[in-house]
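The values are calculated or read from the model by the stated rules, or taken from the named source; none is laboratory data. None of these values were measured; they are calculated from a predicted model. Quick reminder, even Gly has a Cβ in these numbers, built from the backbone with ideal geometry, and neighbours come from all protein chains shown. Surface accessibility is based on the protein's heavy atoms, side chains included, excluding ligands, DNA and RNA. Shrake-Rupley method; radii C 1.70, N 1.55, O 1.52, S 1.80 Å.
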Amino acid sequence: PHRLVPRMGGRIKLWIMPDAEGKVPFARYVVGVDPASGSGATASCISIGNVDLGKKVMEYADPNIEPPDLAPLLVALCWLFRDPDGQGAYLAWEIPGPGQTLGDNVVRLGYRNFYCRGNEFSLNPKSTDQPGWPNTVKTLASLLQDYRSDLKSGAIEVLSEASLWECLSFRYGGDGYIEHANVAGGGDPSGARVNHADQAMADAIMNKMRRKLGQSAQQQAEETAPAGSMQWRRDMREAKQRDELAWA
């Protein structure tokens, strides 16, 4: 990718200011994707967040793009939103369904900085070599509950009004699990015929990756600072402040 180009009616929305060359600032970025089939029924959505700012900075939605065509656009965006070391954004997409085809094409294009699934409910979860975030009854509940908590505490800032409204479509079903109300109609600004809260799902997946990278950085700091040292005390104090803020 070379740069972002302003265009009337463009599908990329930004909450960040590119420079004069159309480049975005270097930072630790994460990407969440809720892919669709491209038939026009529901939208394929991309959400990009800044890990250190705790802020969503970009969204994209298109109901008519097929997974093989979405993949090169997605990879280009990942390389455009790079960290100071030149590493592309950390990426995760929903599976099964169209995400399987999307993932195959992302791998074929040579991009490798992505999430690999593991057992999220183990005391010692380990990643596999299978890319993609699996949407199951249990993982969906965990994903959305964490996202709700982080929105409430301010750990993640989302300024997309349409995406936040989509969150209201989720509810607890009769079996106690989270489900979507399946609201149909022409209310989706992307042009999709049915609103399945696809942008909210992409945001929630992005937030999960933000949590993952943020926790990794905290764990690394705790591992490298000797217990009892000044840095160790500073890390413990900052961790306590984060916990207090989360419960405020």
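Tell me the strands (runs of 3 or more DSSP E) entirely within segment 60-164 that contain at least 1 residues that are among the polar types (S, T, N, Q).
Of the strands (runs of 3 or more DSSP E) lying wholly inside segment 60-164, those with at least 1 residues that are among the polar types (S, T, N, Q) span 127-131.
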Inset, instruction - Give me a count of the residues in segment 11-58 that are of a type in the set (F, W, Y) and more than 17 Å from G88 (Cβ to Cβ). - result: 1
Legend entry - Positions within segment 95-113 being open to solvent by less than 30 Å² (accessible area, probe 1.4 Å) and in contact with a helix residue (DSSP H, G or I) (Cβ under 8 Å, 6 or more places away or on another chain), in sequence order: I95, G99, L102, N105, V106, Y111
Legend entry - Residue that is modelled with pLDDT of 75 or more, within 24 Å of C116 (Cβ to Cβ) and not acidic (D, E), where the choices are A217, A200: A200
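Give the residues of segment 155-182 that are of a type in the set (F, W, Y), open to solvent by 70 Å² or more (accessible area, probe 1.4 Å) and without any contact (Cβ under 8 Å) to a residue 40 or more places away in the chain, sorted by residue number.
Correct list: W165, Y172.
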Inset, instruction - Just need a number here: residues in segment 27-59 that are assigned to a loop (DSSP other than H, G, I, E, B), out of contact with any Leu (no Cβ under 6 Å at 6 or more places or on another chain), under 16 Å from R11 (Cα atoms) and not hydrophobic (A, V, I, L, M, F, W, C). - result: 3
Inset, instruction - Return only the number of the condition from (1) open to solvent by less than 10 Å² (accessible area, probe 1.4 Å); (2) at pLDDT below 95 that T42 does not satisfy. - result: (1)
Legend entry - Yes/no for K152 being closer than 28 Å to G103 by Cβ, open to solvent by 90 Å² or more (accessible area, probe 1.4 Å) and out of contact with any Cys (no Cβ under 8 Å at 6 or more places or on another chain): no
